[in-house]
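Single-structure report; data block below.
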Amino acid sequence: MSTIKENLPVVPLRGLVVLPGEMLHFDAGRTSSVHALEEASLRDCPVFISSQLDVHKNDVTLEDMYPIGTVCRVKQVLCLPGDSMRVLVEGKTRAKITHGAMASDYWRVDVCELDDVPCEQVMAEALRRRIHKALNEFARLSAKFAREALDILTHVEAPGAYADAVANVVFTKVEQRQAVLEEADVEARMKLILTMLNEELEIRRMDMRINEQVKKQIDQNQREYYLNEQMKAIRKELGRDDDAEADEYRARLEAKDMPETVRKRIQKEIDRLDGLPSGAHEAPMARSYIECLLDLPWTEVSEDNLDVKHARKILDEDHYGLDKVKDRIVEYIAVAARTHKLNGQILCFIGPPGVGKTSISSSIARAMGRKFVRMSLGGVRDEAEIRGHRRTYIGAMPGRVIAAMRQADVINPVILFDEIDKLASDYRGDPAAAMLEVLDSAQNDTFQDHFVEIPYDLSKVMFITTANNREGIPEPLLDRMEIIDVPSYLETEKIEIAKRHLLPKQKEKHGIGKSELTIPDTLYPLIINGYTAEAGVRSLERTLGSICRKAVCELSEEKTRIRMGRQKLINYLGQPKYDTPLASREDAVGVVTGLAWTSVGGVTMDVEVQCVKGSGQILTTGQLGDVMQESARAALTYVRAQAAEWGIDPEFLKENDLHVHVPEGAVPKDGPSAGVTMMTAIVSCLTDIPVRAGVAMTGEITLRGRVLPIGGLREKLLAALRAGAHTVVVPEKNRKDMEEVPAQIVQALHIVYADDARAVLQTALVQMPHPVPMPLHVAQTERIGAMQ
């Protein structure tokens, strides 16, 4: 039953609501409030506290307060200066004003206490748990909510008191606290608190999200501001301006002549760069792309010099020999001068190292008045090196072809792809396949670079490639080029090159005057043959450089002139490193000199055969390849078939092994052209007939004794001449190739053309083997057994 309390002093509060069970401190400064509190202290009675409807109003009547308030017990009163006091009150019960009257300057009221309407225990416990869960979430999200308060709440047993305690801890707004105060039904009050608590939680969550976004934005803005200020300071020091950069690109674009499609693309990229914020990560890539397109030549050409006599003069000045190369260039210039069409050419110079393939390419550009760009392909194994990287990658850049055009600054340069046979391939692609488009005159007018992304015209470019070995170039790539073989130099050619080019170059390099060092013409053969062994002249140039360094040392010791002689040359360079092995060799059994062709030119190669006790097998050593081992077995089969004719005991072949060895075992060897050499050595060993010294040979042997043609004849003959041979056996079918062999080699060597093994043996052996008489059926049986 509700309790009536009479004549309670009234204390109106501004912006505060006292809930039952709450301890509240507040300062009372209005006279009416001070007198009401003094009256309560004197009478030791409770006070009725309610919140004002309008916090700005000073003279308050009962109509200006909420009708429902709290009956409170005054616990402490502290007088403050200025006729005010600080009060500590404790909320006891809810109460509603039933009657009020003015007493002097404060109000007295009669109130009816509002008892809690009980709640079912199950419902109360369910609501309590939901409120407790929401309170835990609220404590996690609120930095000001003390965990101790949560622990205190758990000890409040009564559902109504628990609801008031939660509202007291959580809610601060007058409207929220007043709504809780006016609800006497405990179940409704707990649901109201749960609803308001969930709303508060949602507000807190939203507040945290907003706070994180704002903080992140502030951090980003502060970072950008800091970096922008730094960039401004740096640009100010460098005298640069962002707007000036875009304007500079536009000015360059306006001044450059190019196709309209390319101009629109560059203009679009400049506008995009201009619109990027300062410090954007896309800006460096955009600048690189714009500068690449602006630097590339689109219509700029260099004027070709189509004077044939001038071209011939320049080529002869720079290089001695290389007549095939010079003739091809002169032909190209002559056709261009007559037709007025300057289509790009694709030439491939194949030859040993040091014969002038790279330097002649530079001379071609100078003879035609074109710019020259060299690009080495040795070891390139990534397709992107040729076609460029796509711009989606960090650090992307154009390929080497576009970089070469950018360097040339014209659309018709001479571009040299050096060492094209050294291209490699792996999981990153095959650069040789990417070169197919570059070196195809039917496609390279629309060359696609991954970085540029715009078709680029390479049809006016003269491409030159160099290689040491034809086998190292893929067949589709080889088919797109015009092959020009650059042969090894003859001794006379090396002498002229040394006198005209190498020695003057080394004298200038070492600061030696023209008359301070003299090398007689008779000394050059000793320098070339005694201190170098090469197809080209690189080693010869280094040797002349060594002579010049020694001469400089003597000249610095007050010597005015030096004339080289044989003894002084030996003093400078030591004893000769190389000799002519065949010139000093005597006739020997089982030793034959063969000829081989390698990527560094022609070489001589001794083949030795020895008989040992065994079971009729053939042993091969010296790092021989599969083809060369098969040639040895073919030669032995042929010899077995001819055993009776050459006086070779068949039983001897069954009871002995033949060991074929090629010296310099660390060097791999392969090829079929050593067939006749092995056959001759085997016959010499089995018949004990010596092989003539000074005889060299080359050719492939068949099971029937036919001698098949070989390649690299010029290089092999030159190697034989360098080794001191006087007679060379070559296949009859190579007679037609002798037209390309210089007359000096032909005159210095005795060339024997052989179409079968007997002709080879007649030339190589001191005497032909004689047959041993035996019954006809035995000879036939042995012949068949050997063939099987």
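Annotations for the structure displayed:
- Residue in the range 748-755 that is under 47 Å from the mean Cα position of the chain (by Cα) and free of Cβ contacts under 8 Å to residues at least 40 places away in the same chain present: no
- Test: residue 39 is acidic (Asp, Glu) and surrounded by 15 or more Cβ atoms within 10 Å (Cβ to Cβ): yes
- Strands (runs of 3 or more DSSP E) contained entirely in the range 599-665, each with at least 3 residues that are farther than 30 Å from residue 350 by Cβ and open to solvent by 40 Å² or more (accessible area, probe 1.4 Å): 601-613, 618-621
- Filtered by the rule that a residue be among the basic types (Lys, Arg) and at pLDDT 85 or above, the range 401-454 gives a lone residue, 406.
Residue-wise test of (1) modelled with pLDDT under 85; (2) farther than 20 Å from residue 161 by Cβ.
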{"position": "3", "(1), (2)": "yes, no"}
{"position": "9", "(1), (2)": "no, yes"}
{"position": "18", "(1), (2)": "no, no"}
{"position": "42", "(1), (2)": "yes, yes"}
{"position": "51", "(1), (2)": "no, yes"}
{"position": "62", "(1), (2)": "no, yes"}
{"position": "68", "(1), (2)": "no, no"}
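- Hits in the range 255-278 (condition: surrounded by 13 or more Cβ atoms within 10 Å (Cβ to Cβ) and in a loop (DSSP other than H, G, I, E, B)): 256, 258, 259, 276
- Selected residue (only one of 623, 642 is in contact with a strand residue (DSSP E or B) (Cβ under 7 Å, 6 or more places away or on another chain) and modelled with pLDDT of 85 or more): 623
- Boolean, residue 126 is out of contact with any Ser or Thr (no Cβ under 8 Å at 6 or more places or on another chain) and surrounded by 15 or more Cβ atoms within 10 Å (Cβ to Cβ): no
- Residue in the range 360-376 that is over 29 Å from residue 334 (Cα atoms) and at pLDDT 85 or above present: yes
- Qualifying residue in the range 134-144 (condition: in a strand (DSSP E or B) and on the phi < 0 side of the Ramachandran plot): no
- Boolean, residue 105 is within 23 Å of residue 38 (Cβ to Cβ) and acidic (Asp, Glu): yes
- Residue within the range 467-481 that is of a type in the set (S, T, N, Q) and under 30 Å from residue 527 (Cβ atoms) present: yes
- Among the residues of the range 165-177, those identified as open to solvent by 10 Å² or more (accessible area, probe 1.4 Å) and part of a helix (DSSP H, G or I) are 165, 168, 169, 170, 174, 175, 176, 177.
- Test: residue in the range 153-164 that is without any contact (Cβ under 8 Å) to a residue 40 or more places away in the chain and over 29 Å from residue 3 (Cα atoms): yes
- Selection from the range 539-592 of residues that are modelled with pLDDT under 90, open to solvent by less than 50 Å² (accessible area, probe 1.4 Å), closer than 14 Å to residue 529 by Cα and of a type in the set (Ser, Thr, Tyr): 539
- Screening the range 329-424 for helices (runs of 4 or more DSSP H) wholly inside it with 3 or more residues that are in contact (Cβ under 8 Å) with a residue 60 or more places away in the chain returns the ranges 357-368, 400-408.
- Check on residue 740, over 21 Å from residue 606 (Cα atoms), within 48 Å of the chain's Cα centre (by Cα) and open to solvent by 20 Å² or more (accessible area, probe 1.4 Å): yes
- Some residue of the range 106-116 being without any contact (Cβ under 8 Å) to a residue 60 or more places away in the chain and open to solvent by 40 Å² or more (accessible area, probe 1.4 Å): no
- Candidate set: the range 296-326, residues that are among the hydrophobic types (A, V, I, L, M, F, W, C) and under 30 Å from residue 452 (Cβ atoms); chosen: the one surrounded by the fewest Cβ atoms within 10 Å (Cβ to Cβ): 301
- In the range 707-736, the residues that are in a helix (DSSP H, G or I) and of a type outside the set (A, V, I, L, M, F, W, C): 714, 715, 716, 722, 732, 733, 734, 735, 736
- Picking from residues in the range 342-392 that are small (Gly, Ala, Ser) and under 14 Å from the mean Cα position of the chain (by Cα), the one that is most open to solvent (accessible area, probe 1.4 Å) is 379.
The values are calculated or read from the model by the stated rules, or taken from the named source; none is laboratory data. Please read all numbers here as calculations on a predicted model, not as lab measurements. When we count neighbours, we look across all protein chains shown, and the Cβ atoms used for this are built from the backbone with ideal geometry, even at glycine. Just the protein is used for accessible areas: all its heavy atoms, side chains included, with ligands, DNA and RNA removed. Shrake-Rupley method; radii C 1.70, N 1.55, O 1.52, S 1.80 Å.
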